[in-house]
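**Student:** The structure that follows is given in the form of structure tokens.
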Amino acid sequence: TGRVLKQVSLPEGFFGEGLAVLGGRAYQLTWQNRKGFVYDVDTFRQEREFAYDGEGWGLTTDGRLLILSDGTHRLRFLDPATFAVVRTLDVVQDGEPVERLNELEWINGEILANVWQTDRVVRIDAATGRVRGVIDFSGLLAPQDRGPRTDVLNGIAYDAATDRLFVTGKNWPKIFEVR
């Protein structure tokens, strides 16, 4: 139905970005505050805060580590207990860095990332950083569904239980299931 079942608000002055669930906790980034929040996934009670360098754009998990994007071509793999950077991954396509990596999603050993201000989602080899393919979502949202506040493609979610991918954008009136 789209009805909100539970929510938590960020403190004043914070702009929420990436969110990932791992081990019973929800990890949330903020865009420019260099601060993240950890919540109990069942109660939404905030358990702690953490710091990171740069901006927070997107967050996902491989089931062991958190993977953070900051708008560059470099992804950081973070230890969820200490938030230390365990490794970095430079994302390249045809030998060139892919900049503006934004929203992230881990799917079957690949990282999907939308490229900010485009209709493209890149499929990234999580071991090498090489782009395996590009999904072009141009024209996905019909012109009649666009309004003055409609913005860029910016949402990727994967339901592993049913092997379903969902995409949407900022202030989009629809969510699309991709098969």
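The values are calculated or read from the model by the stated rules, or taken from the named source; none is laboratory data. Bear in mind the structure is a predicted one, so any value in this text is a computation, not a measurement. All Cβ positions, even for glycine, are placed from backbone atoms using ideal geometry, and neighbour counts span all protein chains on display. The accessibility values were calculated without ligands, DNA or RNA, using every heavy atom of the protein model including side chains. Shrake-Rupley method; radii C 1.70, N 1.55, O 1.52, S 1.80 Å.
**Student:** Roughly how many nanometres apart are two label points built 7 Å out from the Cα toward the Cβ at Leu10 and Thr118?
**Tutor:** Between Leu10 and Thr118, the simple spin-label model gives 2.5 nm.
**Student:** What translational diffusion coefficient, in µm²/s and rounded to a whole number, does the Stokes-Einstein relation yield for the stretch 13-141 at 37 °C and a viscosity of 0.692 mPa s, taking the hydrodynamic radius as the Kirkwood radius over Cα pairs?
**Tutor:** Working: Rh = 14.8 Å.
The Stokes-Einstein estimate is 221 µm²/s.
**Student:** Right, here's the next one. What length, rounded to one decimal in nm, is gained on full extension from Arg48 through to Arg25, with 0.36 nm per residue of separation minus their alpha-carbon distance?
**Tutor:** Length difference between fully extended and current span is 7.2 nm.
**Student:** Turning to a different aspect of this structure: Residues with amide H under 5 Å of Ile124's amide H, sequence separation 5 or more or different chain, H placed in the peptide plane at 1.01 Å from N; which?
**Tutor:** Ile111, Leu112, Ala113, Arg132
**Student:** Right, next: Accessible area per residue, 1.4 Å probe, Å², for the chain: what's the number? Don't skip to the end; give the middle numbers.
**Tutor:** Details: 9940 Å² over 179 residues.
Value returned for the chain: 56 Å² of accessible area per residue.
**Student:** Using a probe of 1.4 angstrom, how much of the accessible area of the chain is carbon and sulfur, in percent? Each step should come with its number before you reach the end.
**Tutor:** Working: 4800 of 9940 Å².
Taking all protein chains in place, the chain shows 48 percent carbon and sulfur surface.
**Student:** Starting from the Cα of Lys174, draw a straight line to each of the aspartates and glutamates and keep only those under 14 Å, dropping any in the same chain fewer than 8 residues away.
**Tutor:** Filter leaves Asp145, Asp151.
**Student:** Ok, one more. Quick one: which of 88-95, 73-80 comes out on top by average Cβ neighbours within 10 Å, and what's the full order, highest first?
**Tutor:** Numbers: 88-95: 14.1, 73-80: 18.4.
Packing proxy ranking, top to bottom: 73-80, 88-95.
**Student:** For every other residue with a beta carbon closer than 15 angstrom to the beta carbon of Phe83, add +1 if it is Lys or Arg and -1 if Asp or Glu, then tell me the sum.
**Tutor:** Numbers: positive: Arg25, Arg34, Lys35, Arg48, Arg64, Arg76, Arg87; negative: Glu47, Glu49, Asp53, Asp70, Asp79.
Its environment carries a net charge of +2.
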